[in-house]
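Structure record follows, encoded as structure tokens.
The values are calculated or read from the model by the stated rules, or taken from the named source; none is laboratory data. None of the values given here were measured: they were computed from a predicted structure. Neighbour counts run over all protein chains shown; Cβ positions are idealised from the backbone, glycine included. Each accessible area value is taken on the protein alone, full model and side chains, heavy atoms only, with ligands, DNA and RNA left out. Shrake-Rupley method; radii C 1.70, N 1.55, O 1.52, S 1.80 Å.
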Amino acid sequence: PSPTTPLVGQSVSLDGSGSVAASGSITNYKWSFGDGSSPVSGSSATTSHTYSQAGVYTVSLTVTQTNGLTRTSSQQLTVGSPPTASYSVTTGSPVQNYPVGFDASASSDSDSGVSIVSYAWNFGDGSTQTNATPTTTHTYSQPGTYTVTLTVTNTIGLTSIQTQSVGVDELPSS
């Protein structure tokens, strides 16, 4: 299938042209999508289908040969919705040379059985970090405004990004 992990509402292209008849040739391709929709039959080895809900579906192709014999092949297809990336800066007034806290606990995934497995941070100063947990800290060595990007990835490989600016003040002189 293309794409291999489609989104809900995205058209999936299916190609059975690699099917081979044991004898004679293939006269019919019947696609079943595993979501309760009607199968599609015809002489074309390709078709497309759009899934309206997230889930794991069994896609089946049954080919009919000129002698009337049939062969069926099935494959699992995971359809999902991207997660939602969301984070906040937990340090009230960030200053240089002190850790700035970031919390992505508000990030979520609405698909049943799917969760966020990776929180990838780009802190805007050339530093990056990837964690399995939603909280982290980063220390900026210079004052300024930094564009911080969080990319969350779920268990089926779908991603979401949130970007926001973080102001870091100069360390006050003592």
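Before moving on, here are some points about what is shown:
- Simple label model, 7 Å out from Cα along Cβ direction - Ser52 to Asp35, nm: 0.9
- Computed over segment 43-90, the range of Cα coordinates on each principal axis works out to 70, 16, 13 Å, biggest value leading.
- For segment 102-115, the Karplus equation 6.51 cos²θ - 1.76 cosθ + 1.60, evaluated at θ = phi - 60°, returns couplings of 10, 10, 9, 4, 7, 5, 8, 9, 8, 6, 5, x, 10, 9 Hz by residue, with Gly and Pro reported as x.
- Magnitude of the charge dipole for the chain, about its Cα centre and with charges confined to Cβ atoms of Lys, Arg (+1) and Asp, Glu (-1), is about 720 debye.
- Taking amide H atoms as placed 1.01 Å from N in the peptide plane, the amide H of Ala21 lies under 5 Å from those of Ile26, each 5 or more residues away in sequence or on another chain.
- 3J(HN,Hα) from dihedral phi, segment 9-18, Karplus parametrisation 6.51/-1.76/1.60, rounded to Hz, x for glycine, proline: x, 9, 5, 10, 8, 10, 9, x, 5, x
- Listed values for segment 140-151 are Karplus-derived 3J(HN,Hα) couplings in whole Hz (6.51 cos²θ - 1.76 cosθ + 1.60, θ = phi - 60°), namely 9, 8, 10, x, x, 10, 10, 8, 9, 10, 10, 10, and x replaces Gly and Pro.
- Among 146-156, 9-19, the order from most to least packed when residues are scored by Cβ within 10 Å on average: 146-156, 9-19
- For a paramagnetic label modelled on Gln10 (point 7 Å from Cα along Cα→Cβ), amide N atoms under 14 Å away belong, within segment 45-76, to 49-55.
- At a probe radius of 1.4 angstrom, the accessible area of the chain per residue rounds to 53 square angstrom.
- Counted over segment 1-124 with a bin width of 10 Å, the fraction of Cα pairs per bin, in whole percents, is 11, 30, 20, 15, 11, 7, 4, 1.
- Share of carbon and sulfur in the accessible heavy-atom surface of the chain [1.4 Å probe, %]: 46
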